[in-house]
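A.B. asks: If you scroll down you'll find the structure; I have some questions about it.
The values are calculated or read from the model by the stated rules, or taken from the named source; none is laboratory data. Source: prediction; values computed, not measured. Reconstructed Cβ throughout: ideal geometry from the backbone, glycine too, with neighbour counts over all protein chains shown. Please note that ligands, DNA and RNA were not included when accessible areas were found on the heavy atoms of the full protein model with its side chains. Shrake-Rupley method; radii C 1.70, N 1.55, O 1.52, S 1.80 Å.
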Amino acid sequence: MAVVKLFGAWTSPYFYRVIWALKLKGIPYECIEEDLLNKSPLLLQYNPVHKKIPVLVHDGKPICESTIIPQYIEEIWPQPSLLPSDPYERAMARFWIKFADDKLILLALSPSISKMYRASGEEQEKAVKYILEMLETMEDHGLIGGKKFFGGDKISMVDMAFGAVAHWLGVIEDAAGLKIFEAHKFPRLQSWIQNFKEVPIIKENLTDRDKMFALLKRRREMLLASK
Amino acid sequence: MAEEVKLFGMWASPFSRRVELALKLKGIPYEYIEEDLSNKSPSLLKYNPIHKKVPLLVHKEKPLAESLVILEYLDETWKNNPILPQDPYERAMARFWAKFIDEKLLPTAAKVSHSTGKEQEQGVEEVHQQLKILENELKGKEFFAGQSIGYLDIVAHVLFWFYSAGEASGVNALTTEKFPIIYEWIEKLIKIDAVNECRIPKEKHQDFIRLRRESLKSASK
């Protein structure tokens, strides 16, 4: 019987934050795929407050929130470490993780949230502006000094928190017919995306791009038709 | 040693106050700098260029923003009087509830404080549901952290502000009849010296809320 279970949904970058943490540390787990339009009673029992994925269940105890779960994993299985050991550096990592969490809400693919591919006109413009500001902050403040990853030479939880930018953003752009991230405007970010996706565990664990594109395209068409 | 730690804060900010409370509980000497949020100091803007907000902690010239991040940093750097639980699962739960307070409860409470009529009524309903959920975590315990005050109590202590500021926004969402367990917890909190030192004068706070409501009303006209 698996000691670690993970409830998730294949489209969600939040889900992947936890998958990457588990796989980078070599922790075996059982994956339970949820249909977000028809959530299982078990999920609702484990996360009654938010009713969302991902949820990690360790020895029968549920832990929720994709930024809290990796910290829990780090504390139970410290090696290889995904957070700096120096308290100030660790605090800066937490700062960036919170920033990522707050800003990336617009890239969430949950039907009720994403304004990027679901909206048009002014609403979409506002969402695009918001994303651009986030990218600029990452470029100008997060990746100064030509660092390979946000924490330096090694991949950490901060990179994983920004995972949506490295993979999901591109698919959303295509589905919505937008071009937000221009590589020449964000050279550091462009390098980071390449470095991030070259890490073997990350490369092997990214949501199927074509499948996701097809889904988003369908959803967008349905939405625009119903307006 | 006091010069080592500086806190840029604002007296009416619950986020700023919770850092002060943590500093006091851990006996960490610090220099406090009150910020006028309508006229932010060059120091604040230099140290926190991304968000330009308070609270901002500066320790040995290194700046840190975000109150929850600061609380964890304080606990890891000053090991006496730990505020976070030792057990990883308890820590995850404390972090979960802190996030709930900051992302759900406080924004809804702000809505109640600044609105009127139907919007305020809806806000009050929402706050009640959220408070009920949170109150559950206090059942059978002296404090959120257990036998003594800890991280989640520090994060949540702003709740007793609703209680004292209720009259200023025309509605008291946190009544003792509806939330007896939270009320009992507040009574225990205010017996702690450090908490009392961080209390803001009720009238000053009520004036502040009234002013905010007026300016929002005139801005929307």
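A.B. asks: Within the range B:118-180, which chymotrypsin sites (Phe, Trp or Tyr not before Pro) sit in a loop by DSSP and count at most 13 neighbouring Cβ atoms inside 10 Å?
C.D. replies: Here no loop site has a sparse enough neighbourhood.
A.B. asks: Give the longest segment of chain B that steers clear of GluC sites (Glu not before Pro) in DSSP loops with at most 13 neighbouring Cβ atoms within 10 Å, not counting the sites themselves.
C.D. replies: In chain B, the maximal stretch lacking such sites is B:62-176.
A.B. asks: A further question follows. So how far, in whole Å, is the C-alpha centre of the range A:26-85 from the one of the range B:184-217?
C.D. replies: Cα centroid of the range A:26-85 versus Cα centroid of the range B:184-217: 37 Å apart.
A.B. asks: When chain B is treated as a GNM, springs tying every alpha-carbon pair under 10 Å, which of B:S169, B:S113, B:S41 comes out with the largest mean-square fluctuation?
C.D. replies: Evaluated over chain B, the most mobile residue of the options is B:S41.
A.B. asks: What share of the DSSP beta bridges in chain B is antiparallel, in percent to the nearest 5?
C.D. replies: Percentage antiparallel, nearest 5: 70.
A.B. asks: May I ask you to evaluate 6.51 cos²θ - 1.76 cosθ + 1.60, the Karplus curve with θ = phi - 60°, for each residue of the range B:85-95 and list the ³J(HN,Hα) values in order in whole Hz, giving x for glycine and proline?
C.D. replies: x, 7, 6, x, 5, 4, 5, 4, 5, 4, 5
A.B. asks: Modelling each spin label as a point 7 Å along the Cα-to-Cβ direction, I'd like the A:N205/A:Q124 distance in nm, to one decimal.
C.D. replies: 3.4
A.B. asks: Further, regarding this structure: Using the 2.2 N^0.38 Å rule of thumb for compact globular proteins, work out how the range B:5-77 stacks up: its C-alpha Rg over that value, please.
C.D. replies: 0.99
A.B. asks: Of the beta bridges DSSP finds with both residues in the range B:5-77, what % are antiparallel, to the nearest 5? Intermediate values should be presented prior to the final figure.
C.D. replies: On the way: 8 of 12 bridges.
Approximately 65 percent, going by the DSSP bridge assignments.
A.B. asks: Could I ask something else about it? Across peptide A:188-198, what mean number of C-beta atoms from other chains lies inside 10 Å of a residue's C-beta?
C.D. replies: Averaged over the peptide's residues, the number is 0.
A.B. asks: May I ask you to list the aspartates and glutamates whose Cα is less than 18 Å away from that of B:K111, ignoring any residue fewer than eight positions away on the same chain?
C.D. replies: Excluding near neighbours in sequence, the set is B:D102, B:E103, B:E119, B:E121, B:E125, B:E126, B:E167, B:D207, B:E214.
A.B. asks: Something else: Just flag the trypsin sites (Lys or Arg not before Pro) in the range B:53-82 sitting in loop per DSSP whose Cβ has no more than 16 other Cβ atoms within 10 Å.
C.D. replies: B:K60, B:K79
A.B. asks: How many angstrom lie between the C-alpha centres of the range B:90-152 and the range A:2-25?
C.D. replies: 28
A.B. asks: Just the accessible area per residue of the range B:5-77, please: how many Å² with a 1.4 Å probe?
C.D. replies: 38
A.B. asks: Still on this structure, please answer the following. With springs connecting C-alpha atoms under 10 Å apart, model chain A as a Gaussian network and identify which of A:L206, A:L37, A:L56 has the largest mean-square fluctuation.
C.D. replies: Between A:L206, A:L37, A:L56, it is A:L37 that shows the largest mean-square fluctuation.
A.B. asks: Further question: How about the range A:170-227: which GluC sites (Glu not before Pro) there are in a DSSP loop, with at most 10 other Cβ atoms within 10 Å of their Cβ?
C.D. replies: Hits after loop and neighbour filter: A:E182.
A.B. asks: Name the aspartates and glutamates eligible as straight-distance cross-link partners of A:K39: C-alpha to C-alpha under 18 Å, and not fewer than 8 places from it in the same chain.
C.D. replies: A:E30, A:E65
A.B. asks: Further, regarding this structure: Within the range B:83-126, whose backbone N sits under 18 Å from a point 7 Å along Cα→Cβ of B:R212?
C.D. replies: B:101-117, B:119-126
A.B. asks: Okay, next question. Shape call for the range B:40-119 from the C-alpha gyration tensor, a ≥ b ≥ c root eigenvalues: rounded (a/c under 1.5), prolate (a/b greater than b/c) or oblate?
C.D. replies: It comes out oblate by the Cα gyration axes.
A.B. asks: Could you estimate the translational diffusion coefficient of the protein assembly as shown from the Stokes-Einstein equation, with Rh from the Kirkwood formula over C-alpha pairs, at 10 °C and 1.306 mPa s, in whole µm²/s?
C.D. replies: It diffuses with D of about 67 µm²/s by this estimate.
A.B. asks: Shifting gears a bit: Mind checking A:63-69 for the average number of partner chain beta-carbons within 10 Å of each residue's beta-carbon? Mind dumping the intermediate values first?
C.D. replies: Values: counts 6, 5, 6, 0, 2, 8, 2.
Mean number of neighbouring Cβ atoms from other chains: 4.
A.B. asks: What would the Debye formula give as log10 I(q)/I(0) at q = 0.09, 0.11 Å⁻¹ for the alpha-carbon point model of chain B, no solvent?
C.D. replies: The Cα Debye sum returns log10 ratios of -0.37, -0.56.
A.B. asks: Measure up A:K103/B:K40; A:K103/A:K129; A:K98/A:K126; A:K98/A:K179; A:K23/A:K154; A:K25/A:K203 against 19 Å on the Cα-Cα distance and list the ones that go over.
C.D. replies: A:K103/B:K40; A:K98/A:K126; A:K98/A:K179
A.B. asks: Considering only DSSP beta bridges where both residues belong to the protein assembly as shown, give the percentage that are antiparallel (nearest 5).
C.D. replies: 70
A.B. asks: I'd like the mean, over residues of B:90-98, of how many other protein chain beta carbons sit within 10 Å of each residue's own Cβ.
C.D. replies: 5
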